[in-house]
Structure formats: structure tokens, C-alpha cells
Amino acid sequence: MPALDFVPHLIGGQERASRADGTLDNVNPWTQAVQGTIAAGDVQEAADAVAAARAAFDGGAWSRLPERQRGALMHALADRMELHADELAQADTFDMGRPLTAARGFDVPRAVAMIRFFGDHMALATSETYPMGADFHSFTAYRPAGVVLAISPWNHPLMLGVWKIAAALAWGNTVVWKPAEDSPTSAYLIAKYALEAGWPAGVLNVVQGSGAVVGDALIHSPGIDRITFTGSTAVGRLVGVAAAQNLVPATLELGGKGASIIFDDADLDLAAATAARAVFNNTGQVCLAGTRVLVQRGVYDSFLSRFAEQAAALRVGDPLDPQTDLGPLASKKQFDRVSDYFALAADEGGTVLTGGPGEGGPSRRRSWRTSRRPAECGARRCSGRWPR
């Protein structure tokens, strides 16, 4: 399946272009060619999506549907996702360069499993009861909150987006989903499949466009009852402030770093292989990636040589090629950001052991490794790979 020529909004059960026919380019990160266009939403379209979700929630066709019936519709969506698994996988491959084998073999099955899990879970979840004397008792009840705003990132568009919406939808909330402008297609496809599976219009709405316009309008909307956001810490602060102003509970999953710590009693072959996966999975574009590798001095050289071999063995290439381990970085902006790390490493005395930004094309990234001797490291930078 080629990339879609146009990725629309899906609001209130209707596919829509932007009111002023505004569009954004959808750029293939591997070829750097414009492969289509994306609806560029505005403030009014954000408001329309919130209104559609509110009408669907207040109407009760979803929020007051018996749990088992809602669960059956969740499973019907999962069935559609499995039927169109290749289309879903290719959407993330074309949008952000996810290797097709990983998208098809991992991301799609995980997304399907999440829909099915919550489709069953909300009908089986039990509440707590509390004795309050001889005449009565109290109990907890789980009720939908209303309209949930889900803002998903570009690094795992399908999987992280579905993680956000699955529980909210299963428990009877309606959703406005704002995907990243760099990876719009899989969100649109999920909403389309939901309609095909018999979901009421307005239950799942997708608004395309920039975070600065559509995202800002949505987080400040008084019609939103809950916000779930995954993205940068800087934008997370803005979301948190807006949520506080409207007294809206918000869940923020922000960028971070993981660390692999290698001591001198470790199995170095296993440690090098594991640390390489932790760093380079999804071309390093994972918010919990192990981008810091702290190695005890006694095994530093031995570990470093093994780790460099692991990095050099990774095959970089076309994400449609089943032999590819690492596809491109998701965008030229991301490529430029990563390339700057090489200059930083050189300025601080780091050495590139394999790969580099000049290999493979303007937005493609070789696996790479910078090293610093432990004796040269400061307390916060004593790592084999230069910190991001």
C-alpha cells in the first residue's frame, strides 16, 4: 500500500478537509519526498471535535451502553485492525520510518492486544466495598469522566496512541485524538476502522494539524474532562499549566533517559547486546531508551569493543526492506538534532567508533557510538555513549 495521498480529520463520524483547505506536507523520512498532504486543522476544527465528542458522550449511545456490548464493539475494532494489519504497519513505516518488520510483527499485535484487553477488562473489573455499620455499606464505582483528549507522539504512532485511547474508550469516555503532525495516518485509520466496526459517530474523533495551533486549542478547551499526553518535557509543562487552569486531571509521559550500568562481574557479551538494543531500538527514538551506558573502569575497554561491534552490525536501510534493523530518523528536524550530538562529542573529546551522520543520505542514520575514557569523564558524563 502506498502512503495516502491525503490524510483527513475524522470528526463526528465524517472525514473532513480543513475549512480553508490548509494542508501540511507528509514527508517520507527515508526518501525525503513529499508523499501526500495532511489536513491542517485550526481552532474551529478543534472545537468541532470537542463538540462532537461531547454530544456523543452526553447522548449516551456509548457512555451508557452496557459493558459487554461496548466490549463487543472494542473486539470488533480489534478484528478490523487485524484484517488491515498490513495497512496499519505501512502507515507508520511511511510516516516515521519504522521498519516494516517491526511495525507488522510488534506494534500492530501490541495495539490489537491492548484494545482486546480493555474490551474485556472493564466488564470484569470489580470494585471495593467498605462496611459502614449494620444498615448500609459503601462501594466504589468506575464511571466515565467525559471527553478525553489524547495527544500522541511520533516515535511509536500506532502503539502509543492506542495505549492512550483504549482504556478511555472501554470505560465509556469519548475521545479527541490529536496525533503528531509527523505521523498522522495510523490515528485516522483506527478511527475509520471504528466506524466500520459499528461504533457511534463522535465516539472517536481525530484532528490533524500542528501542536502550536490545534494542540494548543485542545488543551485549553473547557469541553475537555481529561488529558493524556506523551511528548517533550517542554510541551508537557504547557499541557500541565492548561490542565491546571481548567482543573482537568492530566497524565503526562515526558521524555527521559534510561541507563545501562555495567559492572566488572557482568557477562560482557550479553551486556553489550542488551545495552545495544536498549540504545538503538527504533533508531534510538524511544523515551525510555538506555542512552547512558555507565561502565566500571576495569571492564571499560572490553565492554566498549563489544558494544561497538554490536552497533556496527546493525543494518541501516530502507524501512520496507525486511533485512533492515534501523530505519531513518523520523524527520529532518530530528536528524539535525542528532547530528549536532556529534559536534558536541568532538568538542568534548569524544571519538566516533562507528557510523556517523554523513552515511546513508540526508535523513538516515548509521548506528553510532561515541566514547570517552572514564578518567576523562565528569561525574555526570562518565559514559561510553555521549548523552542525548
message: It is to be established whether one or more residues within the range 49-61 are surrounded by fewer than 22 Cβ atoms within 10 Å (Cβ to Cβ), at positive phi and in the same structural domain as Gly215 (by TED's automatic domain parsing).
response: yes
query: Within the bounds of the range 95-110, is there any residue that is part of a helix (DSSP H, G or I), assigned by TED's automatic domain parsing to the domain that holds Ile190, under 18 Å from the mean Cα position of the chain (by Cα) and of a type in the set (S, T, N, Q)?
result: yes
statement: Taking the range 90-105 and keeping residues crowded, with 24+ Cβ neighbours inside 10 Å and aliphatic (A, V, I, L, M) leaves Ala91, Met96, Ala103
task: Scan the range 99-114 and give yes if some residue there is touching a residue at least 12 places away in the same chain (Cβ under 8 Å), of a type in the set (Gly, Ala, Ser), closer than 25 Å to Pro319 by Cβ and in contact with a helix residue (DSSP H, G or I) (Cβ under 7 Å, 6 or more places away or on another chain), otherwise no.
output: yes
task: Looking only at the range 187-208, decide whether some residue is of a type outside the set (A, V, I, L, M), closer than 20 Å to Glu253 by Cα and part of a strand (DSSP E or B).
output: no
- request: Can you run down the residue pairs with Cβ atoms below 6 Å, 6 or more apart or on separate chains, where the first is in the range 249-263 and of a type in the set (S, T, N, Q) and the partner is crowded, with 16+ Cβ neighbours inside 10 Å?
  value: Thr251/Thr228; Ser260/Ala275; Ser260/Ala278; Ser260/Gly290; Ser260/Val293
query: So which residues in the range 232-256 are in contact with a Cys (Cβ under 9 Å, 6 or more places away or on another chain) and surrounded by 12 or more Cβ atoms within 10 Å (Cβ to Cβ), if there are any at all?
result: Glu253, Leu254, Gly255
query: Checking Gly211 against (1) surrounded by fewer than 24 Cβ atoms within 10 Å (Cβ to Cβ); (2) over 17 Å from Arg19 (Cβ atoms); (3) more than 18 Å from the chain's Cα centre (by Cα), which test does it fail?
result: (3)
- prompt: Out of the residues in the range 122-158 that are assigned to a strand (DSSP E or B) and touching a helix residue (DSSP H, G or I) at 6+ places or on another chain (Cβ under 8 Å), which is farthest from Gln285 (Cα to Cα)?
  reply: Val147
Residue count for the range 221-234, restricted to those that are in a helix (DSSP H, G or I) and either polar (S, T, N, Q) or modelled with pLDDT of 95 or more (or both): 1
- request: Kindly check whether there is at least one residue in the range 314-329 that is more than 23 Å from the chain's Cα centre (by Cα), part of a loop (DSSP other than H, G, I, E, B), assigned by TED's automatic domain parsing to the domain that holds Leu270 and closer than 17 Å to Ala103 by Cβ.
  value: yes
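Residue-by-condition table, conditions (1) within 18 Å of Ile165 (Cα to Cα); (2) of a type in the set (Phe, Trp, Tyr); (3) within 21 Å of the chain's Cα centre (by Cα); (4) not in a loop (DSSP other than H, G, I, E, B):
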residue: Leu4; (1), (2), (3), (4): no, no, yes, no
residue: Glu15; (1), (2), (3), (4): no, no, no, yes
residue: Asp25; (1), (2), (3), (4): no, no, yes, yes
residue: Gln32; (1), (2), (3), (4): no, no, no, no
residue: Ala53; (1), (2), (3), (4): yes, no, no, yes
residue: Met74; (1), (2), (3), (4): yes, no, yes, yes
residue: Glu87; (1), (2), (3), (4): no, no, yes, yes
residue: Val112; (1), (2), (3), (4): yes, no, yes, yes
query: Of everything in the range 144-181 that's charged (D, E, K, R) and closer than 16 Å to Val203 by Cα, which residue is farthest from the chain's Cα centre (by Cα)?
result: Lys178
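The values are calculated or read from the model by the stated rules, or taken from the named source; none is laboratory data. Note that this is a predicted model, so its numbers are computed, not measured. Glycine gets a Cβ as well: all are built from the backbone with ideal geometry, and neighbour counts include every protein chain shown.
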